[in-house]
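Student: Structure below; questions to follow.
The values are calculated or read from the model by the stated rules, or taken from the named source; none is laboratory data. Values in this document were obtained by computation on a predicted structure and should not be read as measured data. Every residue, glycine among them, receives a Cβ derived from its backbone with ideal geometry; neighbour counts consider all protein chains shown.
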Amino acid sequence: MNQRLTLAATICGALAAGSTGVQADLSVQDWQDDLRFLQETVHTEYPFLFKKTTAADFDAAVEELHAAIPTLAPHEVVAGLARIVSSFEYGHTLLRAWNSEWVRHALPVNFYHFSDGLYVEGADEAYASAVGSRVIAIEGMPVDRALAAIRPVVPAENDQFFKAHGVGTLRIIEYLHAQGVLSELKHDVTLTLERDGVPFDLTVTAVAGVEFGARHGFTRPGSGWVSARDQSATPLYLKHPDRVYFFEHLPEHKTVYVRHSQIRDDATEDIPTFYARLFDFIETNDVERLVLDVRLNGGGNNYKNKPIVTGLVRCEKINQPGKLFVIIGRRTFSACQNLVNEIDNYTNAIFVGEPTSENINFYGDNRRVVLPNCGLPVFLSFAWWQDKPQWENGPWTAPHLAVEMSFDEYRTNGDPVLDAALAFEGEFIRDPNAHLTALFKAGRLEELEAEAERMVADPMYRFFDFEAAANQVGYQLMNDQMIDQAIWLLRLNTRLFPESANAWDSLAEAHWKGGQMERAVELYNKAISMDPEGPVGDNARTMLQRMRREAEIGG
């Protein structure tokens, strides 16, 4: 059996202990040798990781760091190593540096990214005045710029992963300095905050090896930490924090709610027993709806998913459109992504909430590789998990019903995601691409155009990539020599997404393949003007050169 590493376990291990065999005083040559060791290990044993970055770009980053090491402080070298490992953009592939000799000081505050901004969700009681305030800047740098600066050291699988875990890195001063947020390495950091529209500055002192006082991204009150959330009540998704799963009957909604926070057996009841009891309750009670909440589930052992999926498939009472809801979010990761994939493949579930933090197909399980001189462990993924065909892969699983939580909703114990599932009524288009494709095949073009405009404007569908879907179908039509149909669809794409250089570039190619050269040139030049220094502009120039060469040969 393949026991999956969870992201939570990896992070907890990083916080709980320093690295084995770390040497305090290393020479420039020691650091450079460790870098070469990492480079050789990746090329020799893990070349399959070159998917989102290339071997050439990886080697270029290695050479740049190698040349810079003599001018860098040790924590800056560690940040450089973290950037190189994180460039693979797989969450299981990471450098574990926290609480080492060189990266060990953090601000005793907890940041959380709500729908209306980054907030101080909790803090050490010494900084209680900061709790509940919105973060505007760090040492004068606007928070959006600070987040962008810190992102390269985070092994972010996608934007959701960074929302979940990157904001924690924003507290670590060694990384803040190495990434240019702090102009000098110092313990006292000034945060510019805002409360009720009034900005104020607060200086926070970093602490060595601080325990962050948070679980699943939210502060655990007590032990000297203060939470922004009203503690007089607890929403369902945060109830029973020490239990892996539980269910609760909501008779007023004829609904059963399940919160499942890891893919492992609870100490008191294993997964098969729990789900057998759950489905028996559903069958023998007045239940019309099931809400399975995995928004906090960071994974575990995906071999344990089977009784969950088979139970859902067998439960005809629930496995129907509009009766099964799965709440996903920024901490849905690893083995839980496998669970989400299987539920999507085999049930009628409607996904609610935010996108997951894992790619649909991904490199998961990792091996520990210790850099010989500094002793820092690097975890390199080796197992490819593919639950979907490659053409259905993507950066995440997007919700069908997109719902995010504001700070005030969190503070007052609201749960807009669960509310959306409970309030659902009527028809919902679970697969927008299939819906629009059916209209296209039926020749109902006016209806297709109206539906596309409506759905693109509807925030419920904001995580569905309509532009990419239309672009893909447009190229399929071109490959099938259905040029007029491709032009119609890609022209619609430019109306829906007029600021997309790629949409205009694709429309240009359709006109070229249709023999409409003047129009193709006009559209390629438009794409170049919209993205003069970027990849779309480069592609458009290349295509124009090909057109000219073919015209000369033909002439």
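Student: For the range 415-424, check the following and say yes or no: at least one residue is assigned to a loop (DSSP other than H, G, I, E, B) and touching a residue at least 12 places away in the same chain (Cβ under 8 Å).
Tutor: yes
Student: Also, quick follow-up: Can you find even one residue in the range 246-256 that is aromatic (Phe, Trp, Tyr), over 25 Å from Leu147 (Cβ atoms) and surrounded by 13 or more Cβ atoms within 10 Å (Cβ to Cβ)?
Tutor: For the range 246-256, residues aromatic (Phe, Trp, Tyr), over 25 Å from Leu147 (Cβ atoms) and surrounded by 13 or more Cβ atoms within 10 Å (Cβ to Cβ): present.
Student: While we're here: Looking at the range 424-467, which of its residues are crowded, with 16+ Cβ neighbours inside 10 Å and small (Gly, Ala, Ser)?
Tutor: If the condition is that a residue be crowded, with 16+ Cβ neighbours inside 10 Å and small (Gly, Ala, Ser), then Ala452 is the only one that fits.
Student: I'd like the residue in the range 124-160 that is buried (at least 18 other Cβ atoms within 10 Å of the Cβ) and among the polar types (S, T, N, Q) and, out of all such residues, is farthest from Ala178 (Cα to Cα).
Tutor: Step by step, filter the range 124-160, then rank; the result is Ser133.
Student: Further, regarding this structure: Considering each residue of the range 115-138, count those that are polar (S, T, N, Q) and in contact with a helix residue (DSSP H, G or I) (Cβ under 9 Å, 6 or more places away or on another chain), and give that number.
Tutor: Total meeting the criteria: 1.
Student: Continuing with the same structure: Looking only at the range 496-508, filter to residues that are surrounded by fewer than 22 Cβ atoms within 10 Å (Cβ to Cβ) and in contact (Cβ under 8 Å) with a residue 12 or more places away in the chain; which one of those is nearest to Arg454 (Cα to Cα)?
Tutor: Of everything passing the filter in the range 496-508, Leu496 is nearest to Arg454 (Cα to Cα).
Student: Has the range 68-79 got any residue that is surrounded by fewer than 22 Cβ atoms within 10 Å (Cβ to Cβ), at negative phi and touching an Asp or Glu at 6+ places or on another chain (Cβ under 6 Å)?
Tutor: Applying the first criterion (surrounded by fewer than 22 Cβ atoms within 10 Å (Cβ to Cβ)) to the range 68-79 yields 68-74, 76.
Now drop any that are not at negative phi, which leaves 68-74, 76.
Next, only the ones that are touching an Asp or Glu at 6+ places or on another chain (Cβ under 6 Å) stay: none.
No, the range 68-79 contains no residue that is surrounded by fewer than 22 Cβ atoms within 10 Å (Cβ to Cβ), at negative phi and touching an Asp or Glu at 6+ places or on another chain (Cβ under 6 Å).
Student: Can you tell me which of Val258, Val294, Val287 is touching a Gly at 6+ places or on another chain (Cβ under 9 Å) and β-branched (Val, Ile, Thr)? Step through it out loud before you land on a result.
Tutor: Details: Val258 fails: touching a Gly at 6+ places or on another chain (Cβ under 9 Å); Val287 fails: touching a Gly at 6+ places or on another chain (Cβ under 9 Å).
Step by step, each of Val258, Val294, Val287 is checked, and only Val294 is touching a Gly at 6+ places or on another chain (Cβ under 9 Å) and β-branched (Val, Ile, Thr).
Student: Can Val210 be described as closer than 30 Å to Val77 by Cβ, outside the structural domain of Asp293 (by TED's automatic domain parsing), at pLDDT 95 or above and among the hydrophobic types (A, V, I, L, M, F, W, C)?
Tutor: So Val210 does not fit the description; no.
Student: If we keep just the residues of the range 300-322 that are of a type in the set (D, E, K, R) and over 26 Å from the mean Cα position of the chain (by Cα), which is surrounded by the most Cβ atoms within 10 Å (Cβ to Cβ)?
Tutor: Of everything passing the filter in the range 300-322, Lys317 is surrounded by the most Cβ atoms within 10 Å (Cβ to Cβ).
Student: List pairs: first in the range 311-337 and of a type in the set (Phe, Trp, Tyr), second in a loop (DSSP other than H, G, I, E, B) and surrounded by 20 or more Cβ atoms within 10 Å (Cβ to Cβ), Cβ under 6 Å, 6+ apart or cross-chain?
Tutor: Every condition considered, the pairs that remain are Phe333/Gly298; Phe333/Gly299; Phe333/Ser357; Phe333/Glu358.
Student: Please specify each residue of the range 100-119 satisfying the condition of being assigned to a strand (DSSP E or B) and under 21 Å from the mean Cα position of the chain (by Cα).
Tutor: Asn110, Phe111, Tyr112, His113, Phe114, Gly117, Leu118, Tyr119
Student: Go through the range 120-143 and count every residue that is of a type in the set (Gly, Ala, Ser) and either assigned to a loop (DSSP other than H, G, I, E, B) or within 28 Å of Leu26 (Cβ to Cβ) (or both).
Tutor: 3
Student: Also, I was wondering about something else. Identify, from the list Leu182, Leu176, the residue that is assigned to a loop (DSSP other than H, G, I, E, B), under 18 Å from Val207 (Cα atoms) and not basic (Lys, Arg).
Tutor: None of the others qualify; the one that does is Leu182.
Student: What helices (runs of 4 or more DSSP H) completely inside the range 1-71 contain at least 3 residues that are modelled with pLDDT of 95 or more?
Tutor: By residue number, 28-45, 55-68.
Student: Could you pull out the residue among Glu509, Glu518 that is part of a helix (DSSP H, G or I), out of contact with any strand residue (DSSP E or B) (no Cβ under 8 Å at 6 or more places or on another chain), more than 26 Å from Leu436 (Cα to Cα) and of a type in the set (Asp, Glu)? Steps first, answer last, please.
Tutor: On the way: Glu509 fails: more than 26 Å from Leu436 (Cα to Cα).
After ruling out the rest, the residue left standing is Glu518.
Student: Of these, Arg151, Arg134, Arg96, which one is free of Cβ contacts under 8 Å to residues at least 40 places away in the same chain and touching a Phe, Trp or Tyr at 6+ places or on another chain (Cβ under 7 Å)? Show your work before the answer.
Tutor: Numbers: Arg134 fails: free of Cβ contacts under 8 Å to residues at least 40 places away in the same chain; Arg96 fails: free of Cβ contacts under 8 Å to residues at least 40 places away in the same chain.
Within the list Arg151, Arg134, Arg96, the selection yields Arg151.
Student: Considering only the range 257-285, how many residues are outside any helix (DSSP H, G or I), among the β-branched types (Val, Ile, Thr) and touching a helix residue (DSSP H, G or I) at 6+ places or on another chain (Cβ under 6 Å)?
Tutor: Pass one, the range 257-285, residues outside any helix (DSSP H, G or I): 257-270, 285.
Remaining after also requiring among the β-branched types (Val, Ile, Thr): 258, 263, 268.
Okay, now just the ones that are also touching a helix residue (DSSP H, G or I) at 6+ places or on another chain (Cβ under 6 Å), so 263.
The total comes to 1.
Student: Being farther than 18 Å from Phe246 by Cα, of a type in the set (A, V, I, L, M) and in the same structural domain as His240 (by TED's automatic domain parsing) narrows it down to one residue among Val340, Val291, Val309; which is it? Lay out the reasoning, then the answer.
Tutor: Details: Val291 fails: farther than 18 Å from Phe246 by Cα; Val309 fails: farther than 18 Å from Phe246 by Cα.
Unique residue meeting the criteria: Val340.
Condition check ((1) closer than 30 Å to Asn361 by Cβ; (2) aliphatic (A, V, I, L, M)) across all residues:
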site	(1), (2)
Ser115	yes, no
Glu121	no, no
Ala126	no, yes
Ile136	no, yes
Pro142	no, no
Ala146	no, yes
Gly166	yes, no
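Student: Quickly run through the range 198-219 and pick out the residues that are in a strand (DSSP E or B) and buried (at least 19 other Cβ atoms within 10 Å of the Cβ).
Tutor: Val204, Phe218, Thr219
Student: A further question on this structure: Counting only residues that are small (Gly, Ala, Ser), give me the helices (runs of 4 or more DSSP H) lying completely in the range 436-506 with at least 2 of them.
Tutor: Ranges flagged: 445-457, 466-479.
Student: Across the range 144-171, what is the number of residues that are under 18 Å from Ala123 (Cα atoms) and either under 15 Å from the mean Cα position of the chain (by Cα) or part of a helix (DSSP H, G or I) (or both)?
Tutor: At the first step, the residues of the range 144-171 found to be under 18 Å from Ala123 (Cα atoms) are 164-171.
Checking which are either under 15 Å from the mean Cα position of the chain (by Cα) or part of a helix (DSSP H, G or I) (or both) leaves us with 164-169.
Residues flagged as under 18 Å from Ala123 (Cα atoms) and either under 15 Å from the mean Cα position of the chain (by Cα) or part of a helix (DSSP H, G or I) (or both) within the range 144-171 amount to 6.
Student: Filter the range 72-85 down to the residues that are within 17 Å of Pro152 (Cβ to Cβ), part of a helix (DSSP H, G or I) and out of contact with any helix residue (DSSP H, G or I) (no Cβ under 6 Å at 6 or more places or on another chain) and list them by number.
Tutor: Across the range 72-85, the qualifying residues are Val78, Leu81, Val85.
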